[in-house]
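First the structure, in the form of structure tokens, and then the observations on it.
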Amino acid sequence: MRRAGVVALNTFREAVRDRVLYNLVFFALLMMAAAVAVGQISIGIEHTVIVSLGLSAISVIGLLISVFIGVALVSKEMDKRTLYALLAKPVRRWEFLLGKFAGLVLTLAVNTAAMALGLLLVMIYVKHSLQRSDAVVLVAVYFILLKLALIVALALLFSCFTTPLLAILFTVGFYIAGLYVQEMRNLPAEVMSPAMAAFTKWLSYLLPNFENFNVMAMAAHGRAVPGALILQNTVYTVVYGTIVLTAAAAVFSRRNLK
Amino acid sequence: MPGLAIEIENLTKEYPYGFLHLKKKTSLEGLNMQVEAGEVFGFIGPNGAGKSTTIKLLMRLIFPTAGSARILGKPISDVEMHRDIGYLPEQPYFYDYLTAAELLDYFARFHDLTSADRKERVGRMLKKVGLETARRIQLRKYSKGMLQRVGLAQAILHDPKVVILDEPMSGLDPVGRREVRDIILELKRDGKTVMFSTHILSDAEMLCDRVGVIVGGKLRGVGAPGTLVDMKTQGMEILFALRGASNAPLLSKATRTGDCYRLQVAEEELYAAIEQLRAAGVRILSVSQVKATLEEFFMNLVEADRAQASAVEVSGK
Amino acid sequence: MNSEKTIAWVLLLVLPFGFAGIWRLQHGIDAQRESLSQERDDVLLRSGKLVKVMSLEYAPLLADIYWTRVVQYYGNKHVRGQTNLELLWPLLDITTTLDPNLLISYRFGAMFLSQAAPAGAGRPDLAVQLIHRGIQANPDYWRLYEDLGFVYYFDLKDYQKASDAFLEGSKKPNAQLWMKVMAAKVAAEGESFATSMFLWKDIYDSTPDPSVKKNALQHLQLLRVKEDCRQLDALADEYAKRYGKRPARMSEMVQAGLLRGIPGDPLGFAYIFGEDGKTELNLDSPLLEQQLLLNR
């Protein structure tokens, strides 16, 4: 486990030295500045617009990082063969995988925190003060982070057994599917055959439900998120993430490197 | 068995390919080989013979279709055993955003070393491979030779008992090769076991206690470089010069270099040939034994293998 | 110690337990989110024009996506029995701004914007606005005029305007003959049972959308009920004339020879007489609930 931590910190160090990340974060901050501009056009709802656009920016940037770097975590090491010397050390493949995961999640946490700080500063700039109700924005950011962690896990899983391009497509596919899982459950049952209805229902639980993490509307209107939901979403991420990472470890531990 | 650093038993690796993966390419077939503790073992063969495959199988980068192996008496699936082995991959590439010192430190952390110990070893290794001055430069700026040296450093940093090197001399200039040779000899002096693969036969002849020759996925011979070759003495060579007489009977079979001629005959025919030449009035300069080099032994195997492969193709198997 | 085997076993355990846990968690999360009853601001950007600008060349595609959200929005609200359809207009506004030729959205919108809650948003004015936009972009599509007439007839009860709409529509290519007839009839009679039945039947027959069809069927049934009640009341008056008091039960009318059998509503439940002597739906009939909702 300690060795996983070694890998994690190195992954974090790699991300820090990768200048691409800074560009993305800078772009996000730019988006927030844009939000200020847009907010000034729509008088009366500046707060809503700024929070919505800001959170959207954090989510999108986070998504890009999670998918592209998530897939590259393992495939780059396999491609460039940097992995070879590493696996000769007394470290297990699953420790390596876990370390990579933790490293990227740590990177994402730092990035989203930076962007969240930017958002709060923008909010202060526009409203000249912050209220307690604005804390819900932080909850929204935390939920985004949970969502991103799941996406990283999925990216890791797919990159263990397919090419990087396919892994990206699958991960994005799962993300989009995960957004509509809620709708899947609400589909009117009369329209489908019972077999189809059962299949859809099962599918809606197997796929990750990213709608769980969507509290953008509440954040935009300053409504508090109950602690129970925070706990539930955290546990959901832990459980689902464990499933995905275990599967990834199982696949990776049997993979013949080229 | 004590005394055996590496034991390989019936190691086989097949790669399925083609439509629906129905065809199989055998890159390693039933390899049985042992490396004794404390020796330098050369694993030689042409490109694609299965050397890298064997080493990757040993390091568990790929998994065998059949067979097993043990290092230091422990099965290769034992990850803890990796504490005592060092590995240099073929054409190594490392995280290019790290410096040499950082990379060695990173790898060192996977072993249970104290922080001070780690620091000391990293420094010592960098000195040993001659990268001290470049320690703070990012690896992306390193030349191939420098990368090879970093690779070597990370392989021996933790003072392993067995060192496995995959083509350690590739891409190095003669100076670099000399340095690597020296390090290998130093390791041997320290009682380590070294196994390395190469297709440069002269290195193997010079360094190794024993060599294993692998061609076409099969082991063709194991032994000291001398013994392998001894079995293939090609006969005797007569060096002579003409003394006026220009129609010596065996002239057509001789090769000419300047004024001297060399004639190769089988050992049994030596005296008959000398008699013929003497009768022709030729001046004999010397008679010596012709030893095939490892190179020729090698080439014969490769040729035989290719002939067999094309015969197989022709027969339509 | 075989690492791969161990992990495989662990996975075999993790999968069922993990997903079982997910199942439970998800239910919990769903319950939690329900109780928040947050107005899921599907439509954060309410300006149709802004959305159109942002959609670049993908406007028609976005229109389709928004259209599916309209259908889902309506379906969800309906499933949950909620009556607040205030987002229907913004969604339709955006959809039709993105793609002014998406005919089905006008028709759907006309239907469900104008009807009173709970079936619709209760905004016939917005329905008219929507249809006019549709007519502007699709001036020759006669069914839009039918829908316009529909809204005026049923929800705004402006029979003159309804007639005008039918007349206008009857001139368009492919318009069915009845449009002209309807124009005259409505101008002359205003509301009538026959007209209402006809219009709803036409909607029922011509629509591909299941929600619309279901809605039309309900209306047809309730119209039938209304007509039946009217006729039965007339018979009850006849009975009262003959016997001096109103009948208490249907069977009395049968005995009096005014009815041949106990009459049933379109779902088969027998009509009964209410306390005020007027014909009413049977308490067991599902139509009763619908009628109560519509007459709120």
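The values are calculated or read from the model by the stated rules, or taken from the named source; none is laboratory data. Computed from a predicted model, the values in this text were never measured in an experiment. For neighbour counting, all protein chains shown are included, and Cβ atoms are generated from backbone atoms with ideal geometry for every residue, glycine included.
Just a few scattered comments:
- Flag for residue A:163 being among the hydroxyl-bearing types (Ser, Thr, Tyr) and in contact (Cβ under 8 Å) with a residue 24 or more places away in the chain: yes
- Lone unmet requirement of (1) in contact with a Ser or Thr (Cβ under 7 Å, 6 or more places away or on another chain); (2) at pLDDT below 90; (3) exposed (fewer than 15 other Cβ atoms within 10 Å of the Cβ) for residue B:66: (2)
- Residue in the stretch A:239-256 that is within 12 Å of residue C:25 (Cα to Cα) and at the interface with chain C (Cβ under 7 Å from one of its Cβ atoms) present: yes
- Unmet criterion (only one of (1) over 16 Å from residue A:159 (Cα atoms); (2) in a helix (DSSP H, G or I); (3) more than 13 Å from every other protein chain (Cβ to nearest Cβ); (4) of a type outside the set (A, V, I, L, M)) for residue A:129: (2)
- When residues in the stretch B:146-166 are screened for being surrounded by fewer than 23 Cβ atoms within 10 Å (Cβ to Cβ) and closer than 15 Å to residue B:91 by Cβ, 2 of them pass.
- Of the numbered criteria (1) touching a strand residue (DSSP E or B) at 6+ places or on another chain (Cβ under 6 Å); (2) more than 30 Å from residue B:135 (Cβ to Cβ); (3) in contact (Cβ under 8 Å) with a residue 24 or more places away in the chain, the one residue B:62 fails is (1).
- Any hit, the stretch B:137-158, residues being in contact with a Pro (Cβ under 7 Å, 6 or more places away or on another chain), assigned by TED's automatic domain parsing to the domain that holds residue B:38 and under 22 Å from residue B:298 (Cα atoms): no
- Considering the conditions (1) surrounded by 14 or more Cβ atoms within 10 Å (Cβ to Cβ); (2) free of Cβ contacts under 8 Å to residues at least 24 places away in the same chain; (3) within 30 Å of residue C:214 (Cα to Cα), residue C:266 is excluded by exactly one of them, (2).
- Residue list for the stretch B:129-145, filter: more than 14 Å from chain A (Cβ to nearest Cβ), buried (at least 19 other Cβ atoms within 10 Å of the Cβ) and under 29 Å from the mean Cα position of the chain (by Cα): B:129, B:131
- In the stretch C:170-182, the qualifying residues are those that are part of a helix (DSSP H, G or I) and under 24 Å from the mean Cα position of the chain (by Cα), and the one that is farthest from residue C:148 (Cα to Cα) is C:178.
- First in the stretch C:10-22 and more than 7 Å from every other protein chain (Cβ to nearest Cβ), second anywhere and surrounded by 12 or more Cβ atoms within 10 Å (Cβ to Cβ) and at pLDDT below 90, Cβ under 9 Å, 6 or more apart: none
Okay, residues lined up against (1) at positive phi; (2) surrounded by 13 or more Cβ atoms within 10 Å (Cβ to Cβ); (3) touching a strand residue (DSSP E or B) at 6+ places or on another chain (Cβ under 7 Å):
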{"residue": "C:191", "(1), (2), (3)": "no, no, no"}
{"residue": "C:197", "(1), (2), (3)": "no, yes, no"}
{"residue": "C:204", "(1), (2), (3)": "no, yes, no"}
{"residue": "C:220", "(1), (2), (3)": "no, yes, no"}
{"residue": "C:234", "(1), (2), (3)": "no, no, no"}
{"residue": "C:248", "(1), (2), (3)": "no, no, yes"}
{"residue": "C:255", "(1), (2), (3)": "no, no, no"}
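- In the stretch B:185-213, residue surrounded by the fewest Cβ atoms within 10 Å (Cβ to Cβ) [restricted to those that are part of a loop (DSSP other than H, G, I, E, B) and modelled with pLDDT under 90]: B:200
- Which listed residue is within 14 Å of chain A (Cβ to nearest Cβ) and under 16 Å from the mean Cα position of the chain (by Cα), from B:71, B:55: B:55
- When the stretch A:223-238 is filtered for residues that are farther than 30 Å from residue A:49 by Cβ and within 9 Å of chain C (Cβ to nearest Cβ), only A:235 remains.
- Selection over the stretch A:208-222 of residues that are at the interface with another protein chain (Cβ under 7 Å from one of its Cβ atoms), in a loop (DSSP other than H, G, I, E, B) and in contact (Cβ under 8 Å) with a residue 60 or more places away in the chain gives a count of 0.
- Residue match in the stretch A:192-207 (condition: under 15 Å from the mean Cα position of the chain (by Cα) and more than 20 Å from residue A:70 (Cα to Cα)): no
- Counting the residues of the stretch B:39-52 that are within 22 Å of residue B:16 (Cβ to Cβ) and crowded, with 23+ Cβ neighbours inside 10 Å gives 3.
- Selection from the stretch C:214-232 of residues that are of a type outside the set (A, V, I, L, M) and within 15 Å of residue C:147 (Cβ to Cβ): C:215, C:219
- Scanning the stretch B:1-33 for residues that are within 30 Å of residue B:186 (Cα to Cα) and touching a residue at least 40 places away in the same chain (Cβ under 8 Å) yields B:1, B:2, B:4, B:5, B:6, B:7, B:8, B:9, B:31, B:32, B:33.
- Some residue of the stretch B:170-178 being over 18 Å from the mean Cα position of the chain (by Cα) and either within 19 Å of residue B:88 (Cα to Cα) or assigned by TED's automatic domain parsing to the domain that holds residue B:35 (or both): yes
- Total residues in the stretch A:84-113, condition assigned to a helix (DSSP H, G or I) and either at positive phi or at the interface with another protein chain (Cβ under 8 Å from one of its Cβ atoms) (or both): 6
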